[in-house]
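Where a number appears in this text, it was derived from the coordinates with a stated rule and is not lab data. This is a predicted model, so every value here is computed, not measured. Note: ideal-geometry Cβ built from the backbone for every residue, glycine included; neighbour counts use all protein chains shown.
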Amino acid sequence: MSPRLRGILFRIAQAIPVVIGVVIIGFVLTRALPGDPAVYFAGAAADAASIAEIRKTLGLDLPLPQQFLIYVGDLLRGDFGQSISTGQPVTADLANRLPASLELTLVALLLSCAIAIPLGVMAATRPGSLIDHACRVLVTAGVSLPTFFTGVVLIYLFYYLLGIAPSPLGRLDFIYIEPDRITGFYLIDSALAGDGETFLAALRQLVLPAVTLALFTLAPIARMTRAAMLGALSADFVRTARAAGLTGRTVRYTYAFRNALLPVVTTLGMVFSFTLGANVLVEKVFAWPGIGSYAVEALVVSDYAAVQGFVLAMAFLFVALNLLIDVTYTLIDPRIGFEAS
Amino acid sequence: MLSVTNLAVRFQTRRGPVDALKGVNLEVASGEILGVVGESGSGKSVTAYSIMRLLEAGGKVVDGTVRYGGVDLSDPSENQMGNIRGREISMIFQNPRAALNPIRRVGDQIGDVLRRHARATRTTAKAEAIKALEAVRIRDAAARVDAYPFELSGGMCQRVVIALALACDPKLLIMDEPTTGLDITTQKAVMDLVADLIRDRGMSAILITHDLGLASGYCDRIMVMRDGEVVERGTPLSLFTAPDHPYTRRLIDATPRLGARIRELLPVEARTPMPERRVENEPLLEVRNLVKTFPSRSGPVHAVRDVSFTIRKGQTLGLVGESGCGKSTTSSMVVRLLDPTSGQIIFRGEDLAATPASRFARDPRRARIQMVFQDATDSLNPRHTSRQTIAEPLRRLGTGASNDRIAELADLVGLPLPLLDRFPHQLSGGQKARVGIARAIALDPDLLILDEPTAALDVSIQAIVLNLLIDLQARLGISYLFVTHDLNVVRLLCDQVIVMQGGAIVEQGPAEQVMRNPATAYTRSLVAAAPQPPALGDAAQ
């Protein structure tokens, strides 16, 4: 086994206690929250007896440790339980909703990086210049406007006034049929199916929410790029490179930028994880059927299985993300060994 | 070949413009090595950067010209200047590890330069880089070409930097403190190598250094700078034997050298008589069979192997060796910041090793052993005034910090009282060193561990601090464990010396004897590698 593969396996093994912790905390927290799913499930007209009966069918009358054991047993069989609000198995709900959120977040982040990183680099190479100030203004504006506000403004401008954007209702306009499900990402699925029209339709729906989210995530990425780039440009090795006659381009990109990437990747990972959980507001504004709005709805009605499923899915995602970042580090920086120490 | 006339450089700072260079003239003839010597802030590095047009933003040449081979170097565009850098004029820097791109293979970095100056193509770059590495006598260059800087030693990194600078056969090489931070034997190896290469290729060079001894060993001519001006120039011998300018005189005096006594480092008017020092026979510290082994993936690392020594009351013991020899590990164990694997540290009859380092901070004996750290700046809390810094140990381990006691300590270390309410960034290097010493002696310790306390200081400040340490020892009867790599300083300050190599003691004895007649080959190589300025009055030679 190669040392890198062993290192990756070791990291995955390290994640096991994290997941166990998340399972326990997720279970305890949902039980600790106020609200009774049985009352909600029974409906407004229910009497005490029917509520008690429902509680019994849901298994909520058992003592907590026993409930926990049943829950863990189900988890081990791959059964995340059934959502009482949607009536679907939680795994099916997650499989529907998670790709929607991931698609939105990834597109937003790609967009954000495509703007923020060049902007940060330009700001750092000319500190105090017009572009540096422009960068600062954009970044401050992006982070100080709440996403639901930018979202609504964008809808007002591009849908209501200009009429360029489609109605902000979900991932696909109702006249289109969902592409065959392969990955759950509409863009990828429609492209795989060779359905250009659906692809464009999905893209049109995606633009406004992605821009909203991108504006918000611009700030940390641009700032970190600028700071890291400034640091790298004043490093001794950049001076050596310049003293050896290397051109500005080589110095900036091969020497300074690659060294500045490390903190940028770290920031990207952090931004990604917090956006994925925090884009509820964007999902709400654009009626995006994502995992954030799913979790909030489930939380409101104490839908235990759904909330626990969400928490667990997030935990897995973060573990995977951290692993990805660690692997990226080793690709950028040879000093970081990937050995099981 | 290179002529700089009336060069003036001004830096815009937050506190207004600062003149870094005030009309500097210099000439380098073909095949000549010029030494530029001065202390920090003298403008010697700024001179080099102005020649290369590599001044940071904020620095501007306001007057004067730099002509290289008849061309005014202010004329070429930035792009044309790039053609001159590396191909005509090259530069090597201090701190070689930082001077190389940490995440690029050294061969690729040399290849970048070769390709920039059309000395190689993408396909031949690697082979040419190997040749460049072989030229600086790196063994097994074909394997090293794929190494990253962190995989190479400091001396090896400096060779790579030299290879990079010389890859395109420049005519002029500017060396900015090329050996600062390198071990003394490595310094000699690197300097000998550069000197050979310069001679073989018929190049000219400028050697910028704070070390007069180093400059006199390798340069044809030396110019001494202070505050952005050239105060004196001449051959090494003429400078040392008959310095004209009082500043040169002071600089030469302050340079530790063979035959000089510690008071002779100071300017003549400051040479007070040596205080009486009493070394008692009673041992203060006995280290017995000290061993420290660090576990590591590739097996245990024996950092310190069976080290034993004794320090008597009022005595100074020097601990000498190159980096990685175990001297810092040893001193960390003695100062009780690190637990030994085995062995005893008997201090005034009690074994300190019995108390774990983690609990020693609360031990009453903590006050008895204190430390002065290497970097006077980094070892002070930037948000504490001098007063707070000195008060800290008094409050935590002593009877409380009275203003009288703090004033008394400031007086002892020669720190003017008004400076007590300043922050570290408002103090000079020497003043910071004094604060660090005042903090260490605040609790009247019996033993001070001095970890290269003068390594980061200018020679004139070093002279003052060393004399201060001697005076304090005489007044307070403290014993010193002096950790250093500078043999000239050991000779001045220490009664006894221990030479360490590979975690073990290779030689020990009275300092004067070990320095004069080293018994082992290793000590001999250390003594031989220390640069020796010609002694004053050596004119006859």
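Each eigenvalue of the Cα gyration tensor of segment B:355-447, multiplied by 5 and square-rooted, gives one semi-axis; in descending order these are 22, 15, 11 Å.
Taking other C-beta atoms within 10 Å as the exposure proxy, A:Phe286, A:Phe216, A:Phe10, A:Phe80 rank A:Phe10, A:Phe80, A:Phe216, A:Phe286 from fewest upward.
For the protein assembly as shown, the calculated P(r) over all alpha carbon pairs, in 10 Å bins from 0 to the bin holding the longest distance, is 2, 10, 15, 18, 17, 15, 11, 8, 4, 1, 0, 0 percent. Across segment B:392-541, the relative contact order, built from alpha-carbon pairs under 8 Å that are at least six residues apart, equals 15 percent. Seen against the Cα atoms of chain A and their longest principal axis, helix A:48-58 is set at about 60 degrees. Shape analysis of segment B:69-172 places it in the prolate category; the axes a ≥ b ≥ c from the Cα gyration tensor give an a/c of at least 1.5, with a/b above b/c. Contact order, relative form, for chain A: 28 percent (alpha carbon pairs under 8 Å, 6 or more residues apart, mean separation divided by residue count).
Distance distribution note for segment B:426-528: the fraction of Cα pairs above 19 angstrom is 47%. Given R0 = 35 Å, the distance between the Cβ atoms of B:Ser74 and B:Ser525 translates into a calculated FRET efficiency of 0.15.
Pair-distance distribution P(r) for segment A:3-76, from all Cα-Cα distances in 10 Å bins starting at 0: 16, 34, 24, 14, 8, 4, 0 percent. The trypsin sites (Lys or Arg not before Pro) of segment A:113-190 that DSSP puts in a loop, and whose beta carbon has at most 12 other beta carbons within 10 Å, are A:Arg181. Binning the alpha carbon pair distances of chain A at 10 angstrom intervals from zero yields the distribution 5, 19, 25, 25, 17, 6, 2, 1, 0, expressed in whole percent. The region of chain B that goes longest without hitting one of the GluC sites (Glu not before Pro) in a DSSP loop, each with at most 16 other Cβ atoms within 10 Å, is B:281-541.
For the cross-link pairs B:Lys44/B:Lys188; B:Lys22/B:Lys188; B:Lys188/B:Lys292; B:Lys44/B:Lys171; A:Lys56/A:Lys284; B:Lys44/B:Lys327, the ones whose C-alpha atoms lie over 26 Å apart are B:Lys22/B:Lys188; B:Lys188/B:Lys292; A:Lys56/A:Lys284; B:Lys44/B:Lys327. Helix B:184-200 axis versus longest C-alpha principal axis of chain B: approximately 10°, rounded to the nearest ten. Rounded to the nearest 10 degrees, the angle from helix B:125-135 to the longest Cα principal axis of chain B is 60 degrees.
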